1. Mind checking whether some residue in region 302-320 is in a loop (DSSP other than H, G, I, E, B), touching a Gly at 6+ places or on another chain (Cβ under 8 Å) and among the aliphatic types (A, V, I, L, M)?
2. Just one of (1) assigned to a strand (DSSP E or B); (2) buried (at least 16 other Cβ atoms within 10 Å of the Cβ); (3) on the phi < 0 side of the Ramachandran plot trips up Leu248, so point out which.
3. What about Ser49, is it more than 30 Å from Thr158 (Cα to Cα), within 28 Å of the chain's Cα centre (by Cα), at pLDDT 65 or above and not in a loop (DSSP other than H, G, I, E, B)?
4. With the checklist (1) at positive phi; (2) surrounded by 15 or more Cβ atoms within 10 Å (Cβ to Cβ) in hand, flag the one item Tyr239 doesn't pass.
5. When you go through Thr336, Thr326, Thr353, Thr386 one by one, which is the residue that is surrounded by fewer than 21 Cβ atoms within 10 Å (Cβ to Cβ) and either in contact with a His (Cβ under 9 Å, 6 or more places away or on another chain) or more than 24 Å from Val233 (Cα to Cα) (or both)?
6. Among residues belonging to region 369-398 that are more than 13 Å from Cys155 (Cβ to Cβ) and touching a Gly at 6+ places or on another chain (Cβ under 6 Å), point out the one that is modelled with the lowest pLDDT.
7. What are the residues in region 339-372 that are in contact with a Pro (Cβ under 8 Å, 6 or more places away or on another chain) and among the charged types (D, E, K, R), if any?
8. Cβ-Cβ distance below 6 Å, separation of 6 or more or different chains: which pairs start in region 210-230 with a residue that is closer than 13 Å to Asn170 by Cβ and end on one that is part of a strand (DSSP E or B) and of a type outside the set (Ser, Thr, Tyr)?
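The values are calculated or read from the model by the stated rules, or taken from the named source; none is laboratory data. Only a predicted model underlies this, so the values are computations on that prediction, with no experimental measurement involved. Because the Cβ atoms are built from the backbone with ideal geometry, glycine has one as well, and the counts that use them run over all protein chains shown.
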Amino acid sequence: MHSSRSAAGIWSGDGSRRGAVAVLVAVMLVVIIGFVSLGSEVVLLLLTSRQMQSAADAAALASETARLRGYPADYKQEAFALSAAAGFANGQNGTTVAVNSPPATGNYKSATDAVEVLIAQPQNLALAQVLYQRGATPPFIVRARSVAHSSGEACVLTLDTTASGSLSMNGNTVADFVGCDVSVNSASATAVSLVGGATLKTNHLYDVGGYSLGGGSRIIAAAGITTQAAPTVDPYASYATPAPDACLKDNYTPPASITIAPGTYCNGITVHNGVVLTLNPGIYIIDRGSLSLTGGASLSGTGVTIVLTSSTGANYPTVSFAGDATINLSAPSSGTTAGLVFFQDRNAPVNGTNNFNGGAAQTITGVLYFPQQTVNYSGGTASTVTCIEIIAWDLSLTGNSTLKAGCAGTGVLAIGGGQSVMVE
């Protein structure tokens, strides 16, 4: 009997211990499952963060590319669209997407040619939230930031799609495009033509067709030459030509040095014999005729746009600056013609030619916009040129010329040609 009770007691005690172990195992399983679940939420948090960063990178690159390719008004929409496609739509599920140019923070804070994309989204983690007070601000907000910047910006764009020598140089001359690219939209195998020992210096040449070099000519492109490139969009293609008003002057030739007011000047302006013509800020519309400077004449003005058009559809004006002329013009930095020094009507005939031959005495800040005609350009030195872009049907560079695309704050729209790259 004694031994039987002892055995029963031992059996009963072992059963208690087994029950306690079972309870402990059950508790530990709950804890383990909880930690596994919590770990899964953390992994999901990291996965969301990685996806969000990829979305921010893609949005910044697309936005900067849109700005470079001549769609500056739409660059934010590109970022919003790319973010939404990746599952981070602005205003949905607490998501916020901000697009800043220039960036609000970082090393490119003052760079107007950079785009910053910021994405943030709160994460409601069921297990993690038990550690936080109910009703409190969600403790987990995933954030991503990306900055894209252009690797280059063009200061020349030719729009002719078929011509040989759409960009041409002839003679022992040097064209130095300081820190900027060149974009040529002609598909000709000789879209860029250099002969006679000419030298073209640029950051990058983007050529839809090809190029030819003769007589010791050369192209020095720091970032390379791209042939069969995609055409570059005209950033001013949507700009409307200002309409002429009543004529202030007709066939105007100032007899002496004078300052004139903005308005419409019919049948051209001719300045010669050392006369200094000063333009007050504003828009000057030349309705037919030409703008001509000869005989040591001078033309100057700050905040000026000269529009070349025709109210009759004939006798479209051109520009002719002789080598002994002095030109000192800068575009307005705001308003409907911001950044534009010259704006030619797109209805002008393609056989017109515009001569800017002021040489070292020619200082222009802004855009020469001649989308239907040829520009012959010679002028500027590295010490005087700050920002100049040429958009022309075709461009011939004569003499030693310098152009520069450091146009921040001038109102000038960027010409595509560079590539957007991630920088932050």
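1. No; the residues of region 302-320 include none that is in a loop (DSSP other than H, G, I, E, B), touching a Gly at 6+ places or on another chain (Cβ under 8 Å) and among the aliphatic types (A, V, I, L, M).
2. Status for Leu248: all satisfied but (2).
3. No; evaluated as a whole, the condition is false for this residue.
4. Failing condition for Tyr239: (1).
5. On the way: Thr336 fails: either in contact with a His (Cβ under 9 Å, 6 or more places away or on another chain) or more than 24 Å from Val233 (Cα to Cα) (or both); Thr353 fails: either in contact with a His (Cβ under 9 Å, 6 or more places away or on another chain) or more than 24 Å from Val233 (Cα to Cα) (or both); Thr386 fails: either in contact with a His (Cβ under 9 Å, 6 or more places away or on another chain) or more than 24 Å from Val233 (Cα to Cα) (or both).
None of the others qualify; the one that does is Thr326.
6. Gly379
7. Arg346
8. Close Cβ pairs (under 6 Å, with a partner that is part of a strand (DSSP E or B) and of a type outside the set (Ser, Thr, Tyr)) amount to Leu213/Leu194; Gly214/Val195; Gly215/Val195; Ser217/Leu194; Ser217/Val195.
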